[in-house]
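Below: the structure, in structure tokens.
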Amino acid sequence: MSNPNSLYITTPIYYVNDVPHIGHAYTTVAADVLARYWRLRGRDVFFLTGLDEHGQKVQQAAVKAGIDAQAHCDRLAPQFQELWKRLNISHDAFIRTTDAPHKSAVQRYLQELFNAGLIYKADYTGWYCTFDERFWTEKDVTAGLCPDCKRPVEQLSEHNYFFKMGQYQERLLDHIKQHPDFIRPESRRNEVLGFLTTQTLGDLSISRPKSRLSWGIELPFDKDCVTYVWFDALVNYVSALEYLSKKPAFDEFWPASVHLVGKDILTTHAVYWSTMLMALNLPLPKMIFAHGWWTVNGEKMSKSRGNVVDPHKIIETIGTDAFRHFLFREVPFGQDGDFSQTTMVTILNSDLANGIGNLLSRTLTMIERFANSTIPAAGPPALPELEAKIAAAATSLPGKIEHGFRSLAFRENLQAIWELIGLCDEYIDKAAPWKLAKSPDNLPQLNTVLHTASRALRLISVLLYPYMPHTAGQLAQQLGLSWDFSKPLPQTAYEWGAPFPQAKICKGPGLFPRIETQPQGAKTVSDATIPPQSTAAIPTPAIPAPPPTTAAAPAAPAQITIDDFMKIQLKTAKVISAERVPKSEKLLKLQVSLGEGGEQRQIVAGIGKKYEPEALIGKMIIIVANLKPAKLMGIESQGMVLAAGDSEVRGLATILEDVDPGTKVK
Ligand code: MSP
């Protein structure tokens, strides 16, 4: 690569045999996160994705759909493009292997290898699996079944062209040993090394007779054959640079910085592609990173099981940024992960609604109320120890994140950002700005708290941008910053100590609504799978059930029996967030938690004359947990807070001892 500032990121090109699923979305979002991070850091990024349109799988899908193969590809391609748009993917180029310039590039490379004597013709007999589109040797096959998909194999004999892959075994082994980052993660590198040290690398059959498969690129030296789909597909990484970039890009972007692939296609990349490049005298990519696979509720995801996760349905319910966050928050990139709606909802509620969403909303609410909507300059320390802890975490964070992106540690980066969010929450709880606001003497300290929290949010917005571009924009805008994330940001954006103008904030609506697991109110996550009979049409998004709008229960009689009383379920609950209901003096909207990993509720309570919302956060209260939901000033309340007083609230009921939220009260 001639320009050290350039960076070339690729995803696999996806087969167009069906609509895209969470696995496709995973790699593509990962590439997008990287591309956005490095662009913001000023690197010149070329991000390529696209479609693998030839081969048996695609031909079979076209036959099934009863249309011509090209028409089938043309019908499916927009579905991938549409999904990438919804997922906010910022690719620079989208390749389709049926593009004419790609086809000529493949033919040119084939001819070059043929002329150099690196492709030869031979007869081949073996056990062929039509589904996997590959031959197996005698020792691979048991009981006439394909060792991979367990479908019957058939014996086939045909003329074939072979690429002299075997002769590169030693060179490849040396390359892998000398370049520790060439295959990542380490476990996958060891797998390839193990294979190359213990087995003999054979030559690779790179042609298919047209009589068996016509949907492919014709061999330039034999009109009766098409090339093997992998020879066609892998070439996309270089052909795209020839015709899909605005300026001549080969010298600038090759070798690729990273090929992101799933673990199942590591061999084709690490062995086939590398040896092809060696034969063509081209440098090898800097890194091939193989990520893990998603299972669904512990099961392999497959069409026949009917559990293929449809990204459209998830986006419809939780939104693009929340989905992008979820993909990387829990599962280390490189390992397999399990998709379950429950885990997704738990992560979203704790990280987004109660985490970053709540931190922004409480900080801006206080700036509105106590600082005339302008981020104040810092005064003397309010809580020196915690302030030092926040400063240390925030100062080291950008470096950590950079290191994380170099090693594709997407999850670790999110963890580090959420540690800072957690510290800020603790800081606000302990500093209690609403108490400081009571006396003018404490104003300087109050300003420090508001300033520090805003400063942290500013840094968080820059660092979250690659994962959640839209949210980052909202964070910045609400903080009154005029940042344009589509261009590189100055280094000062990453510096904790950089000047922070006393900007006017611009508080907007909450960033993330809480998601309900049960259809009790708010949004619900419905089944996100693609039905097994799915066609190539974009599946209809799931529409969340409307929240129930039942009126409050009738007044209780003057005397009740113990049985009547036992019908009332009282529980302890911890206040996670609180804000005033607009245009109401009395009503506060509370989000309360009923325990670790347990339920959360929204309660509208008439305690606003007695309490400032900020003073309630973290408090343990008692609620009526089985009251039918009701709407107060158009806002759903899922329970009632117990308080002393009559028309005027005098105090909240609580428990003297320290008990867990969700504990029964009787
Ligand atoms: N066309 C080839 C790639 C050619 S690249 C030069 C191909 N296409 S694919 O559509 O079948 O798969 C594309 C990617 O999706 C692979 O990286 C694969 O690992 C990934 N996934 C397919 N199912 C997946 C999961 N369940 N989970 C995560 N990724 C998964 O292979």
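The values are calculated or read from the model by the stated rules, or taken from the named source; none is laboratory data. Source: prediction; values computed, not measured. No Cβ is skipped: glycine too gets one built from the backbone with ideal geometry, and neighbour counts run over all protein chains shown. Quick note on the areas: whole protein, heavy atoms, side chains included, nothing else; ligands and nucleic acids left out. Shrake-Rupley method; radii C 1.70, N 1.55, O 1.52, S 1.80 Å.
Being within 15 Å of the ligand (Cβ to nearest atom), within 22 Å of SER104 (Cβ to Cβ) and acidic (Asp, Glu) is a description that does not apply to ASP251. For the stretch 636-657, the count of residues that are outside the structural domain of MET344 (by TED's automatic domain parsing), within 29 Å of TYR427 (Cβ to Cβ), out of contact with any strand residue (DSSP E or B) (no Cβ under 8 Å at 6 or more places or on another chain) and surrounded by fewer than 18 Cβ atoms within 10 Å (Cβ to Cβ) is nonzero.
Just one of the listed residues (GLN107, GLN70) is assigned by TED's automatic domain parsing to the domain that holds HIS259 and either out of contact with any helix residue (DSSP H, G or I) (no Cβ under 9 Å at 6 or more places or on another chain) or closer than 24 Å to ASP32 by Cα (or both), and it is GLN107.
Out of GLY23, GLY66, GLY55, I need the residue that is farther than 30 Å from LYS400 by Cβ and touching a strand residue (DSSP E or B) at 6+ places or on another chain (Cβ under 8 Å). Which one? Going through GLY23, GLY66, GLY55 in turn, just one is farther than 30 Å from LYS400 by Cβ and touching a strand residue (DSSP E or B) at 6+ places or on another chain (Cβ under 8 Å): GLY55. With a requirement of 3 or more residues that are within 27 Å of LYS85 (Cα to Cα), the helices (runs of 4 or more DSSP H) lying completely within the stretch 418-520 that satisfy it span 443-464, 469-478.
For the stretch 36-49, the condition of being of a type outside the set (S, T, N, Q), near the ligand (Cβ under 9 Å from one of its atoms) and at pLDDT 95 or above holds for none of the residues. Please determine whether any residue of the stretch 227-248 is more than 29 Å from ILE22 (Cα to Cα), away from the ligand (no atom under 15 Å from the Cβ) and open to solvent by less than 10 Å² (accessible area, probe 1.4 Å). So far as the stretch 227-248 goes, no, none of its residues is more than 29 Å from ILE22 (Cα to Cα), away from the ligand (no atom under 15 Å from the Cβ) and open to solvent by less than 10 Å² (accessible area, probe 1.4 Å). If you go through the stretch 423-468 and keep only what is of a type in the set (Gly, Ala, Ser) and free of Cβ contacts under 8 Å to residues at least 40 places away in the same chain, you end up with SER439, SER461. Annotation: LYS300 fulfils all but one of (1) near the ligand (Cβ under 10 Å from one of its atoms); (2) open to solvent by 30 Å² or more (accessible area, probe 1.4 Å); (3) in contact (Cβ under 8 Å) with a residue 12 or more places away in the chain; the unmet one is (3). Scan the stretch 173-189 and give yes if some residue there is open to solvent by less than 30 Å² (accessible area, probe 1.4 Å), under 28 Å from THR125 (Cα atoms) and within 16 Å of the ligand (Cβ to nearest atom), otherwise no. No; the residues of the stretch 173-189 include none that is open to solvent by less than 30 Å² (accessible area, probe 1.4 Å), under 28 Å from THR125 (Cα atoms) and within 16 Å of the ligand (Cβ to nearest atom). From the list LEU364, LEU352, the one residue that fits, being over 16 Å from the mean Cα position of the chain (by Cα) and away from the ligand (no atom under 13 Å from the Cβ), is LEU364.
TYR15 passes every criterion in (1) more than 14 Å from the ligand (Cβ to nearest atom); (2) hydroxyl-bearing (Ser, Thr, Tyr); (3) open to solvent by 10 Å² or more (accessible area, probe 1.4 Å) apart from (1). Consider the stretch 611-632 and keep the residues that are surrounded by fewer than 16 Cβ atoms within 10 Å (Cβ to Cβ) and either more than 25 Å from PHE370 (Cβ to Cβ) or outside the structural domain of MET566 (by TED's automatic domain parsing) (or both). The one that is modelled with the highest pLDDT is ASN626. Within the stretch 261-289, the set of residues being surrounded by 19 or more Cβ atoms within 10 Å (Cβ to Cβ), near the ligand (Cβ under 8 Å from one of its atoms) and in contact (Cβ under 8 Å) with a residue 40 or more places away in the chain comprises just one member, VAL261. If you go through the stretch 206-215 and keep only what is under 37 Å from the mean Cα position of the chain (by Cα) and open to solvent by 20 Å² or more (accessible area, probe 1.4 Å), you end up with just TRP215. For ALA62, the conditions (1) of a type outside the set (Asp, Glu); (2) more than 10 Å from the ligand (Cβ to nearest atom); (3) open to solvent by 20 Å² or more (accessible area, probe 1.4 Å) all hold with the exception of (3). With respect to the conditions (1) open to solvent by 60 Å² or more (accessible area, probe 1.4 Å); (2) within 27 Å of LEU244 (Cβ to Cβ), LYS164 falls short on a single one, namely (2).
All told, ARG324 falls short of being at pLDDT below 95, among the charged types (D, E, K, R), within 16 Å of the ligand (Cβ to nearest atom) and not assigned by TED's automatic domain parsing to the domain that holds TYR237.
Residues are listed down the side, and each one gets a yes or a no for (1) open to solvent by 30 Å² or more (accessible area, probe 1.4 Å); (2) within 14 Å of the ligand (Cβ to nearest atom):
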| site | (1), (2) |
| --- | --- |
| TRP294 | no, yes |
| ILE318 | no, no |
| GLN341 | yes, no |
| ALA388 | yes, no |
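With respect to GLU112, is the statement that it is within 26 Å of MET278 (Cβ to Cβ), open to solvent by 30 Å² or more (accessible area, probe 1.4 Å) and not assigned by TED's automatic domain parsing to the domain that holds PRO466 true? Considered against the rule, which asks whether it is within 26 Å of MET278 (Cβ to Cβ), open to solvent by 30 Å² or more (accessible area, probe 1.4 Å) and not assigned by TED's automatic domain parsing to the domain that holds PRO466, GLU112 comes out as yes. For ALA116, the conditions (1) under 40 Å from the mean Cα position of the chain (by Cα); (2) at pLDDT 95 or above; (3) not charged (D, E, K, R) are fulfilled apart from (1). Taking ALA25, is it within 15 Å of the ligand (Cβ to nearest atom), open to solvent by less than 10 Å² (accessible area, probe 1.4 Å) and modelled with pLDDT of 95 or more? Yes.
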